[in-house]
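K.L.:
I'd like to ask some things about the structure below.
The values are calculated or read from the model by the stated rules, or taken from the named source; none is laboratory data. Since this is a predicted model, take the numbers as computed values, not measurements. When we count neighbours, we look across all protein chains shown, and the Cβ atoms used for this are built from the backbone with ideal geometry, even at glycine.
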Amino acid sequence: MGNGDGMLSEGSQQLILLVRARGLVCALPLPGVVETMRPLPVESLAGRPPFVRGVSVIRGRPAPVIDLEDLIGGDGSAAPAARFVTIRTGDRLAALAVSGVLGLRRLDPAAMEQLPPLLRGAGESAIRAMSALDSELLAVLDAGRLVPDDVWRDLERTP
């Protein structure tokens, strides 16, 4: 059963997919997750932000591959991805390159904290909220903000 923010919920619990990126555990709302898979070949494209590894063909459609480690604050030297997590943002697909998929979990929305003002990036942040999970920091991601609009526009113009 869905609630207004795009997460599946059972009572007050929301179903999320946990992934690991640069030592940080990240939560992806399950309704935005299409599938997890082994990494596919990636065709690099010039002039992209460092967190965009390139484009991969997934289920017959080109999809940008976003390195989640670089997106959340990496230095552009992320190790090869162990898994891809395909997400849907509107009618588009994107693949997140992650170092690991940890599984499904129910998360109590009351345990999530809004980002402090210093961590909010003028509305552009891919991190929606923060929480703790088994004594580790948990970043709750907003799938709709993981691929910036300018990246989508650039990819649509690429022949």
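K.L.:
Collect the residues in segment 138-159 that are over 13 Å from the mean Cα position of the chain (by Cα) and in a helix (DSSP H, G or I), keeping them in residue-number order.
P.N.:
Across segment 138-159, the qualifying residues are ASP149, ASP150, VAL151, TRP152, ARG153, ASP154, LEU155, GLU156, ARG157.
K.L.:
To continue, here is another question. When segment 50-99 is examined, which residues are found to be closer than 18 Å to ALA27 by Cβ and basic (Lys, Arg)?
P.N.:
Hits for segment 50-99 are ARG83, ARG88.
K.L.:
Find all pairs meeting these conditions: Cβ atoms under 6 angstrom apart; at least six residues apart or on different chains; first residue within segment 48-59 and over 14 Å from PRO80 (Cα atoms); second residue hydroxyl-bearing (Ser, Thr, Tyr).
P.N.:
So the pair list comes out as ILE58/THR86.
K.L.:
Moving on to the next point. Search segment 96-129 for residues being under 25 Å from ASP149 (Cβ atoms), among the aliphatic types (A, V, I, L, M) and not in a strand (DSSP E or B), and hand back the single one that is modelled with the lowest pLDDT.
P.N.:
ALA122
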